[in-house]
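Below is one structure, written out as structure tokens; comments come after it.
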Amino acid sequence: SNQENSNNNNNNDTDAAAEEALPIVLLVGRGKCNFEEKARRAQDLHNVQYVIVYDDVTRASLVPMSATNSKGIDVGMLFVSKFTGN
């Protein structure tokens with residue numbers, strides 16, 4: 001019936017709005033591009049709010065994250081060890 005279709009459309013709209021609001025967290029390997037580039041690429045994706053970068057090399061301590069120009073970067077970043085990322 002039309003009422004059922006209307007209710008189904010409302011539920012789909014609600015589900016889509018809920019999915020739209022969910023933050024996305026990316027887990028990425030360190031690789032060759034720098035932290036700033038990773039942050040900028042991530043925030044170009046839809047709804048990405050956080051990026052967890054895991055080291056691709058086992059080290060005694062992590063290297064500090066840095067950016068030459070952090071202006072306009074709005075995603076949160078966390079750098080973890082290779083063990084933690086795997």
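The values are calculated or read from the model by the stated rules, or taken from the named source; none is laboratory data. Here the structure is a predicted model, which means the values were calculated and not measured. Here the Cβ positions follow ideal geometry from the backbone for every residue, glycine too, while neighbour counts run over all protein chains shown. To get the accessible areas, we keep the full protein, side chains included, count just its heavy atoms, and leave off ligands, DNA and RNA. Shrake-Rupley method; radii C 1.70, N 1.55, O 1.52, S 1.80 Å.
Let's see how each residue does on (1) at negative phi; (2) of a type outside the set (Lys, Arg); (3) at pLDDT 90 or above; (4) surrounded by fewer than 16 Cβ atoms within 10 Å (Cβ to Cβ):
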site: GLY31; (1), (2), (3), (4): no, yes, yes, yes
site: LYS38; (1), (2), (3), (4): yes, no, yes, no
site: ARG41; (1), (2), (3), (4): yes, no, yes, yes
site: ASP44; (1), (2), (3), (4): yes, yes, yes, yes
site: GLN49; (1), (2), (3), (4): yes, yes, yes, yes
site: VAL53; (1), (2), (3), (4): yes, yes, yes, no
site: THR58; (1), (2), (3), (4): yes, yes, yes, yes
site: SER70; (1), (2), (3), (4): yes, yes, yes, yes
site: GLY76; (1), (2), (3), (4): yes, yes, yes, yes
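For ASN12, the criteria (1) modelled with pLDDT of 90 or more; (2) open to solvent by 90 Å² or more (accessible area, probe 1.4 Å) hold in every case but one, which is (1). Pairing residues of region 69-86 that are over 11 Å from ALA39 (Cβ atoms) and assigned to a helix (DSSP H, G or I) with residues that are open to solvent by less than 50 Å² (accessible area, probe 1.4 Å) and not aliphatic (A, V, I, L, M), at Cβ distances under 8 Å and at least 6 apart in sequence or on separate chains, gives LYS82/ASP55; GLY85/GLY29; GLY85/ASP55.
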